[in-house]
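Have a look at the structure below before the remarks.
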Amino acid sequence: MLRRRDFGKQAVMCGGALLAGFERVHWPMPNVAGLEDRSEDRSKDPFSGGRQLGTADFVNPRPLEMEAAQGTELDGRLYTDLSKLSPQELAIPTDEFYIRTRVSKLLPEPKSWRVRVDGLVEKLRNRTIEEFGIATKPMGLHLMECAGNGPLVHFGMISVASWGGVPLTDFLEGSGAKPYASRVLITGFDQYAAKSMSSVPGASWVFPTGELRAARAFLATEMNEKPLTEDHGAPVRLVVPGWYGCACIKWVTAVTFVDDTAKATSQMQEYAARTHQNSLPMLARDFQPATIDPAAMPIRVEKWVVEQKIKYRVVGIAWGGAAPVKTLMIRFNPEEDYVPLDNFAQSKNDPWTLWTHAWSPKEPGTYSIRLAAKDPSVRTRRLDSGYYVRSVEISEV
Ligand SMILES: Nc1nc2c(c(=O)[nH]1)N[C@H]1C(S)=C(S)[C@@H](COP(=O)(O)O)O[C@H]1N2
Ligand SMILES: [Mo]
């Protein structure tokens, strides 16, 4: 078997020959009421017996190098290429997982790393990195998305990894916090050798302790079954499942118990608009949780020939929210109607779920693909604003 990345590269080089590999990808079809068995299920696949010819390109606002770490420190980035995702491999290899801020040249030696536990506690403590290592356990697959993930970065600031670490609740409980310590300030190392062109230094976030518990936040020391890498926050980082990446502090140096008078940090202020705060609150308690609403977007548009006809298969992801969504609707251009996705069944809202949709555009042209949940009980701020709309160029129908 080819690894996903090899497959992606060779598919580009060899065109059709290797793309045939896609045909063997079995898409789990949702259970359709009334269908007795799998064979009937399978015959519903509109692409069975067909052949993939290639993919249609998304229209992007600017060219961008994907999957190569570029820049250093606060200006360092890596954008993930989502187009190669398959339902068989939901985690992104560590060297392709998006990066927002690369390791500081001034980062202290990891061996002597300590996490200070201070603030409203009975007694100050330092936790050594060995203590974390001993307590580390598998935490499962979780998605992370930068609140600044958007068209300019080809939606490449979202990834999934299999994490290992220490549940934050275990850590908080054993810390002797005062009863009125309602919040914790989690601080990351953030001194850099160079001045940034684009970002404000200051990676720390204040959380209500109840929110961290509810989200099952953890201090990660491992990513994809290996020690965390420097660019992803080694030796220890915070992961808050369901929250935007800006809250997932890397290179954690301190956990400080605070109360309701705690100020919002510069990182919270920098990300206020992108995490849907209505204003720029001075106090942490006036911040809404930086959670990701249910969202969905296409990641590739496959061009197929099935029974001598050209057909497209839109492949996409759905993620975010606190619970799975039942139905997602798709629309190709504003003058068309929303229709339900043909092949979407979400059993977990974290990490992402892949979906597919068969599409036969009437004529060549540029189509803007938009998704919607259309369920008034589900808040979908970004989907509603058109944030994840992607345009695709169709040259042949
Ligand atoms: N110390 C520190 N932690 C940080 C940041 C930072 O600049 N410094 N960036 C945050 C942002 S905005 C995001 S999106 C995530 C990205 O994590 P990743 O680079 O491992 O994908 O880290 C967060 N943690
Ligand atoms: Mo971010």
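Every number here is computed from the coordinates shown, using simple stated rules; none is lab data. Just so you know, these numbers come straight off a predicted model, no measurement behind them. Ideal geometry is used to build each Cβ from the backbone, glycine not excepted, and the neighbour counts take in all protein chains shown.
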Please report, to two decimal places, log10 I(q)/I(0) for the range 212-273 at q = 0.23, 0.27, 0.29 Å⁻¹ as given by the Debye formula with identical point scatterers on the Cα atoms and no solvent.
-1.12, -1.29, -1.32
With x for Gly and Pro, the residue-by-residue ³J(HN,Hα) of the range 242-259, computed from phi through the Karplus equation 6.51 cos²θ - 1.76 cosθ + 1.60 at θ = phi - 60° and given in whole Hz, is x, 9, 4, x, 4, 8, 8, 4, 8, 6, 5, 10, 8, 10, 10, 6, 9, 10
Cross-link partners among lysines for Lys311, C-alpha distance below 23 Å, same-chain residues fewer than 8 apart left out?
Lys44, Lys84, Lys303, Lys362
When the helix-only estimate is applied to the chain (DSSP H runs of n ≥ 4, each -39,500 (n - 2.57), divided by the residue count), what is the mean residue ellipticity at 222 nm, nearest 500 deg cm²/dmol?
-3000 deg cm²/dmol
In percent, what relative contact order does the range 57-206 have, based on Cα pairs under 8 Å that are 6 or more apart in sequence?
26 percent
Where Lys and Arg each count +1 and Asp and Glu each count -1, what net charge lies around Asn349 among other residues with Cβ under 15 Å from its Cβ?
+1
For the range 137-289, what number results from the quotient of the Cα radius of gyration and 2.2 N^0.38 Å?
1.02
Which three semi-axes in whole Å describe the equivalent ellipsoid of the range 102-199, each the square root of 5 times a Cα gyration tensor eigenvalue, listed largest first?
29, 19, 16
For a label point 7 Å along the Cα-to-beta-carbon line of Ser377, residues of the range 290-319 with backbone N under 19 Å
293-295
Residues in the range 250-287 near a label at Asp118, defined as backbone nitrogen under 11 Å from the 7 Å Cα→Cβ point?
254-257
Simple Cβ-charge dipole of the chain, Lys/Arg +1 and Asp/Glu -1, about Cα centre, in debye nearest 20
440 debye
Two-decimal Rg to Rh for the chain - Kirkwood Rh, Cα set:
1.00
Okay, which of the range 107-141 sit inside 13 Å, backbone N to the point 7 Å along the Cα-Cβ direction of Tyr180?
120-121
Picking from Phe344, Leu219, Met282, whose Cα lies most toward the positive end of the charge dipole for the chain (charges on Cβ: Lys, Arg +1; Asp, Glu -1)?
Met282
Once the cut-off is 18 Å, how many percent of the Cα-Cα pairs in the range 293-397 end up in the long-distance tail?
46 percent
May I ask you to list the lysines whose Cα is less than 18 Å away from that of Lys250, ignoring any residue fewer than eight positions away on the same chain?
Lys105, Lys111, Lys226
18 Å Cα-Cα reach of Lys123 towards lysines, excluding residues that sit fewer than 8 places from it in its own chain
Lys178
Expected vector for the range 168-184, Karplus 3J(HN,Hα) from phi with 6.51, -1.76, 1.60 and θ = phi - 60°, integer Hz, x for Gly and Pro, equals 5, 4, 4, 5, 5, 4, x, 9, x, 6, 5, x, 8, 7, 7, 9, 10
How far is the Cα center of the range 196-254 from the Cα center of the range 123-151, in Å?
6 Å
About the Cα centre, charge dipole magnitude for the range 172-218 (Lys/Arg +1, Asp/Glu -1 at Cβ), debye
60 debye
How far is the Cα center of the range 258-282 from the Cα center of the range 75-90, in Å?
29 Å
In nm, the gap between the two label points placed 7 Å beyond Cα toward Cβ at Glu225 and Thr72 is 3.4 nm
What is the ratio of the Cα radius of gyration of the range 182-248 to 2.2 N^0.38 Å, where N is its residue count, to two decimals?
1.21
Quick check for me: using +1 on Lys/Arg Cβ and -1 on Asp/Glu Cβ, what's the dipole size of the range 245-397 about its Cα centre, in debye to the nearest 20?
200 debye
Sorting Leu328, Gly164, Pro208 by the position of each Cα along the dipole of the chain (Lys, Arg +1; Asp, Glu -1; all at Cβ), the one nearest the positive end of that ordering is Pro208
